[in-house]
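Visitor: A single structure is presented below for examination.
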Amino acid sequence: MFTSARMSMPSARRFTPHSRFNLARTTIQVRGKATAPFRLPDPRNEPNPTYKRGSEERNKLEKALVKLRSQLPVQSNIVYDGVAQKSAESWDQPLPAEHGTVFTNYPLATKEQTKAAIESALKAKREWEETPFVDRAAIFLKAAELVTGPYRYDLIAATMLGQGKNIWQGEIDAAAELADFFRLNCNFAAEILERQPTRGSDGMWSRLDYRPLEGFVYAISPFNFTAIGGNLISGPALMGNVVVWKPSPSNVYASSLVYKILLEAGLPPNVVQFVTGDPETITDVALSHRDFAGLNFIGSSDVFRSLYGKIGEGIAKKSYREFPRVVAETSGKNFHLVHPSADIPSAVSHTIRGSFEYQGQKCSATSRLYLPESRAEEFFSALKAGVEDITMGNPEKDLEVFMGPVIHRRSFDKIKSVIDSCNKDPSVKLIAGGSYDDSVGFYVSPTVYQVDTPDHKLFNEEIFGPVLAVYVYPDSEWTCTLKKVDETGGGFALTGAVFAQDRRAIRQAEDALRYSAGNFYINCKTTAALIGQQSFGGSRSSGTNDKAGSSDTLRRFTSPRLIKEEFMPQYGYKYPSNH
């Protein structure tokens, strides 16, 4: 967990221009109202209700699902300048579990509207950055209470219908993790503000003023986690930045609820602009603007490479006032490495969870596994039985299913092509699954293949679906297999895990795979990092590794100013050695 909550003293550095005094031609700003030193609430993670049959929380969620279903298609909006904006064009998002039904309709922002949203954010910037940190933090702390209180079941229902999540995945995402981000980002921000110089000479004082970036932050959030959008905007905003937020087209409605909650919690309307529509149109405007100061992105590596390239071109052309900060968490090809000494039943359970929860649509999902020959039969037997026991269906209609649909047609078609190719590949053996059905929704069975080489494309291509590839290695080749784990995986380095009881093997794997994963787990699956407990992020082709769920990411959206003040005058310019 965290250490004790940090004291934050931003009031010593922030002044509001309510009263002015002219002393020796120098204008000194004095705060009209003092903010006392304070202590934030202790860091904590939101507990999860169980949603068992007959429980109060399950009954409330069922009512929220019925209510939301009766309102389909729900409307989503572009919001800037504090007003929902009209647009001539719109897109429909179908229900993943029932693609013949429209879940939401949302407008496509034009280039002119995107420019207007940016300008509205910039107009709000000065007042927001001068808002005392205690007041900014209070907004997000209140938002967390709204998330876990009156909006909890609406958020989960929207995430279940719009993103195809089951109850548990909806709860840990749209309620608990979103609240954790809102609360703990306040603690992380205070931790940064507390970092001050500790050394100095007599007669002087050095202090750090953590300024926001000078322009606006552009946040691009993915479909798979409602909480991520809340994090991508709350971190920069807490540090005094204004944000233009473009949610994924497949997560517009749940994101709009998050935005609504923030406004209700007291966030000034123009601090965050909610801009929906064609990603390319919105992004082209944002990245060509002189005041573009930072990118906060979660999505695919290919998209991020494209964005990074455009930003690089802008830097080369001197298009921006400053060098934009770039923060990204992207793709993964995450591994489970099983040692001969492993607890096989535990490794199997972790693998089923890591590979197939939320249909494998997590950047941290387990998609490649290395298995020792001496334990292969035992592992495959238990894995096959577990996979065959997985329930799949519409999470809204059957609240107890483990798996639901994949997100949309493009995803379904991509996974389908991978399965079709593997089913025809003589070098691949089907262990479980290998089927799909899009007659009603976008359903893909949990699928396991065994390959005859760790260089197979299944070990290097991110599928973002419920497909696991397994390579069986000779026990005597454990050391060589460590090297293969590091060399394969498509150049990604997000998450990975080793399963072993032999401490020597654990140490060997931890050392050999030091750069193979930003989050490395021992006897634990590759998914479900908890905010404040396991900060999250990868390197290589998996992102900038700025560790979401810690203060590291927030620090990227500040531009510190060092202030040195001397209290005694200097007479003479010569050094002691000049005499």
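The values are calculated or read from the model by the stated rules, or taken from the named source; none is laboratory data. All figures in this text were calculated on a predicted structure; none of them were measured in a lab. Cβ sites come from the backbone with ideal geometry, for glycine too, and all protein chains shown count toward neighbours.
Visitor: Sort through 354, 360, 312 and tell me the only one that's in contact with a Pro (Cβ under 8 Å, 6 or more places away or on another chain) and small (Gly, Ala, Ser).
Guide: Step by step, each of 354, 360, 312 is checked, and only 360 is in contact with a Pro (Cβ under 8 Å, 6 or more places away or on another chain) and small (Gly, Ala, Ser).
Visitor: For residue 177, which of the numbered conditions (1) closer than 29 Å to residue 37 by Cα; (2) free of Cβ contacts under 8 Å to residues at least 40 places away in the same chain; (3) among the acidic types (Asp, Glu) fails to hold?
Guide: With (1) closer than 29 Å to residue 37 by Cα; (2) free of Cβ contacts under 8 Å to residues at least 40 places away in the same chain; (3) among the acidic types (Asp, Glu) applied to residue 177, the lone miss is (2).
Visitor: For the stretch 514-536, what are the residues that are touching a residue at least 24 places away in the same chain (Cβ under 8 Å), surrounded by fewer than 20 Cβ atoms within 10 Å (Cβ to Cβ) and more than 16 Å from the chain's Cα centre (by Cα)?
Guide: The answer is 515, 520, 522, 523, 524.
Visitor: Could you name every one of the strands (runs of 3 or more DSSP E) located completely within the stretch 414-508 that has at least 2 residues being among the polar types (S, T, N, Q)?
Guide: In the stretch 414-508, 447-451 are the strands (runs of 3 or more DSSP E) which contain 2 or more residues that are among the polar types (S, T, N, Q).
Visitor: While we're looking at this one, here's another question. Condition first: out of contact with any Cys (no Cβ under 8 Å at 6 or more places or on another chain), outside any strand (DSSP E or B), outside the structural domain of residue 236 (by TED's automatic domain parsing) and surrounded by fewer than 16 Cβ atoms within 10 Å (Cβ to Cβ). Can you find one or more residues in the stretch 537-549 that meet it?
Guide: no
Visitor: Working only within the stretch 470-493, note down all residues that are closer than 13 Å to residue 453 by Cβ, of a type in the set (A, V, I, L, M, F, W, C) and touching a residue at least 60 places away in the same chain (Cβ under 8 Å).
Guide: Of everything in the stretch 470-493, those that are closer than 13 Å to residue 453 by Cβ, of a type in the set (A, V, I, L, M, F, W, C) and touching a residue at least 60 places away in the same chain (Cβ under 8 Å) turn out to be 470, 472.
Visitor: Tell me the residue from 459, 499, 402, 442 that is buried (at least 23 other Cβ atoms within 10 Å of the Cβ), touching a residue at least 40 places away in the same chain (Cβ under 8 Å) and out of contact with any strand residue (DSSP E or B) (no Cβ under 6 Å at 6 or more places or on another chain), please.
Guide: 442
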